[in-house]
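Novice: One structure coming up, written as structure tokens, with questions to follow.
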Amino acid sequence: MKSNYLYLLINLICILFPVLLSFYAKAPFYKKWKGVSVAILISGVIFVLWDEIFTQLGIWGFNARYIMGWQLGSLPIEEIMFFIVIPYACVFTYFLLKDVSQKNYYFSRHELLSYGLIVAMLITGVYNLEKAYTSVTLISFAFLLAYLTLKVRARYLGNFYVAFCFILIPFFVINGILTGSFIEEEVVWYNDEAILGMRLGTIPVEDIFYAMFLMLINVAIYERVHTRS
């Protein structure tokens with residue numbers, strides 16, 4: 001296989017099993033597609049616009065070696081697919097843990113975890129305002145988490161944290177490949193002046209909070225749609 005299909009292949013692998021398992025009789029996720037589609041559409045607009053702006057500013061970019069060359073604006077088509085594939089897989093994981101297991105992981109200290117994250121992200125984001133990826137990611141996620149914790153009083157945040165822990169394993173594999181692990185060059189590169197410089201292997205530490213932000217906004221919209229329907 002040509003290397004310029006690598007990013008496409010990563011997307012296809014990420015979506016394959018969640019889509020196939022969506023029709024499993026004991027876990028009929030396809031019945032939840034209304035909430036998922038609304039969540040993906042809204043979050044997709046937000047993150048694609050963010051991605052486009054950061055790409056134009058040179059905060060990150062894409063290695064032509066691993067993409068097909070089809071673009072929408074400054075973004076390769078594979079990057080836009082990413083904001084469909086990953087949210088779907090994340091909400092599917094959340095659905096399995098919460099709805100299928102019929103367990104409420106509303107552990108008593110989840111608010112304490114949320115408060116700790118909010119304070120830590122706001123302090124770090126404000127202290128590093130000159131680092132665009134760090135500050136925008138941490139501050140934006142902190143405001144979303146504060147809104148859900150203090151205003152919405154979202155009981156599903158405990159389930160979200162548990163689901164995200166399960167997602168960390170594929171996250172490190174997939175994001176590791178995208179940032180250069182196991183391959184000769186990275187698929188996605190970062191401007192060192194826009195990040196803290198702390199990496200887990202090849203993964204900038206900001207990517208963990210970016211992934212949490214992306215997942216949480218999709219879960220929040222998904223829950224909102226199905227609560228009102």
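Novice: Name, by its number, the condition in (1) of a type in the set (Asp, Glu); (2) at pLDDT 95 or above; (3) more than 20 Å from the chain's Cα centre (by Cα) that does not hold for ASP99.
Specialist: Result: ASP99 passes all but (2).
Novice: Just one of (1) in contact (Cβ under 8 Å) with a residue 60 or more places away in the chain; (2) in contact with a Phe, Trp or Tyr (Cβ under 8 Å, 6 or more places away or on another chain) trips up ILE46, so point out which.
Specialist: (2)
Novice: Okay, next question. Among the residues of the stretch 76-90, are any more than 24 Å from ILE169 (Cα to Cα) and of a type in the set (A, V, I, L, M, F, W, C)? Give the derivation first.
Specialist: Within the stretch 76-90, the first condition is being more than 24 Å from ILE169 (Cα to Cα), and the residues that meet it are 76-77.
If we keep only those that are of a type in the set (A, V, I, L, M, F, W, C) too, we end up with 77.
Scanning the stretch 76-90, I find at least one residue that is more than 24 Å from ILE169 (Cα to Cα) and of a type in the set (A, V, I, L, M, F, W, C), so the answer is yes.
Novice: Would you confirm whether or not the stretch 38-46 contains a residue that is farther than 27 Å from ILE183 by Cβ and over 15 Å from the mean Cα position of the chain (by Cα)? Spell out how you get there, then give the answer.
Specialist: First, the residues of the stretch 38-46 that are farther than 27 Å from ILE183 by Cβ: 38-43, 45-46.
Checking the rest, the ones that are also over 15 Å from the mean Cα position of the chain (by Cα) come to 38.
Within the stretch 38-46, one or more residues are farther than 27 Å from ILE183 by Cβ and over 15 Å from the mean Cα position of the chain (by Cα).
Novice: Identify all residues within the stretch 172-185 that are touching a strand residue (DSSP E or B) at 6+ places or on another chain (Cβ under 9 Å), in contact (Cβ under 8 Å) with a residue 24 or more places away in the chain and either closer than 30 Å to GLU111 by Cβ or of a type outside the set (S, T, N, Q) (or both); write none if there are none. Full working, then the answer.
Specialist: Restricting attention to the stretch 172-185, the residues satisfying the condition of being touching a strand residue (DSSP E or B) at 6+ places or on another chain (Cβ under 9 Å) are 172, 175-176, 178-181.
Retained after the next criterion (residues that are in contact (Cβ under 8 Å) with a residue 24 or more places away in the chain): 172, 175-176, 178-179.
PHE172, ASN175, GLY176, LEU178, listed by residue number.
Novice: Conditions first: (1) buried (at least 16 other Cβ atoms within 10 Å of the Cβ); (2) at pLDDT 95 or above; (3) closer than 21 Å to VAL85 by Cβ. VAL173 passes all but one, so which condition is the exception?
Specialist: That leaves (1) as the condition not met.
To keep it simple, each residue is scored yes or no on (1) surrounded by 21 or more Cβ atoms within 10 Å (Cβ to Cβ); (2) touching a helix residue (DSSP H, G or I) at 6+ places or on another chain (Cβ under 7 Å); (3) among the aromatic types (Phe, Trp, Tyr); (4) more than 29 Å from LEU157 (Cβ to Cβ).
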residue	(1), (2), (3), (4)
ASN191	no, no, no, yes
ILE195	yes, yes, no, no
ILE217	no, yes, no, no
GLU223	yes, no, no, no
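Novice: Only one of (1) in contact (Cβ under 8 Å) with a residue 40 or more places away in the chain; (2) basic (Lys, Arg); (3) not in a loop (DSSP other than H, G, I, E, B) fails for LYS26. Which number is that?
Specialist: Against the list (1) in contact (Cβ under 8 Å) with a residue 40 or more places away in the chain; (2) basic (Lys, Arg); (3) not in a loop (DSSP other than H, G, I, E, B), LYS26 comes up short only on (3).
Novice: Take the stretch 106-157 and flag every residue that is under 21 Å from the mean Cα position of the chain (by Cα) and of a type in the set (Phe, Trp, Tyr).
Specialist: If the condition is that a residue be under 21 Å from the mean Cα position of the chain (by Cα) and of a type in the set (Phe, Trp, Tyr), then TYR115, TYR133, PHE141, PHE143, TYR147, TYR156 are the ones that fit.
The values are calculated or read from the model by the stated rules, or taken from the named source; none is laboratory data. Note that the coordinates shown come from a computational prediction; the quantities given were computed from them, not determined experimentally. Heads up, the Cβs are rebuilt from the backbone with ideal geometry, glycines too, and the neighbour counts pull from every protein chain shown.
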